[in-house]
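Input: a single structure, listed below in structure tokens.
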Amino acid sequence: MKPFKILKKERLVNSPFCCIEKQLVELPNGSTADWFVSLSSDAVIVIPIMTDGSVVLQQQYKHGGGEIVTEFCAGMVDEGETPAQAAARELQEETGYTAEEFIHLKTVFSNPTGSRMKYHYFLAKDAKLTAQTNLEPAEQIEVLKLPSLKAAREYLLKPETLTTAGMIGALSLVENL
């Protein structure tokens with residue numbers, strides 16, 4: 001297998017949360033095609049577990065989907081920031097919780113067909129409520145504390161609970177905790 005050869009690039013959208021590039025690429029068979037690639041920065045997904053075993057989820061309106069979604073804390077990695085730093089920052093900003101330890105679980109592509117973005121999954125151990133949230137203007141977040149990881153799993157997997165593929169992936173990473 002060989003990568004597509006990029007013949008031409010054109011930036012179509014250039015905003016902090018949505019950066020789209022149109023690429024003219026040469027395919028392995030020699031033909032050409034337009035390919036659209038999201039150049040968004042990486043993101044973190046944080047699974048916060050308290051010392052008593054309880055777990056923090058959050059409910060948030062997601063405008064792209066037009067629905068309220070239940071998820072673990074998640075957010076973008078800012079320029080100059082490591083994924084671990086982003087995990088700690090996002091947890092505090094979105095939930096008011098901090099953690100004693102952040103354990104990197106895995107890094108995966110979010111959608112490699114059309115995006116370079118990767119998800120960096122972290123377990124936040126011994127999390128505790130220490131601060132107020134510091135939400136961005138577009139964020140509407142309600143924190144939901146469940147008694148255990150098992151309860152969080154059951155809640156996220158209920159047919160009526162809207163969540164994301166990234167959150168189902170998080171569940172698989174903490175399956176045996």
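Here the stretch 1-46 and the stretch 63-116 have alpha carbon centers that stand 22 Å from each other. Could you state the angle between the C-alpha long axis of helix 83-95 and the longest principal axis of the C-alpha atoms of the chain, as a value from 0 to 90 degrees rounded to the nearest 10? For helix 83-95, the angle is close to 50 degrees. Compute the Cα gyration tensor for the stretch 94-150, then decide on rounded, prolate or oblate, letting a ≥ b ≥ c be the square roots of its eigenvalues: rounded whenever a/c is under 1.5, prolate when a/b is larger than b/c in the other cases, and oblate in all that remain. Oblate is the answer for the stretch 94-150, as a/c is 1.5 or above yet b/c matches or exceeds a/b.
Annotation: the residues V13, V143, sorted from fewest to most other C-beta atoms within 10 Å of their own C-beta, follow the order V13, V143. With bins 5 Å wide beginning at 0, the percent of Cα pairs of the chain falling in each bin runs 1, 8, 15, 19, 18, 14, 9, 7, 5, 3, 1, 0. Ranked for footprinting exposure by Cβ neighbours inside 10 Å, fewest first, H104, H120 give H104, H120.
Taking the Cα centre of the chain as reference, the dipole from Cβ charges on Lys and Arg (+1) and Asp and Glu (-1) amounts to some 660 debye.
Partners of K2 within straight-line reach, counting aspartates and glutamates whose Cα lies under 20 Å from its Cα and excluding those fewer than 8 residues away in the same chain: E26, D34.
Readers should treat all values here as calculations from the given coordinates under stated rules, not as data from a laboratory. Worth saying up front: this structure is predicted, and the values here are computed from it rather than measured. Cβ: placed from backbone, ideal geometry, glycine included. Neighbour counts: every protein chain shown.
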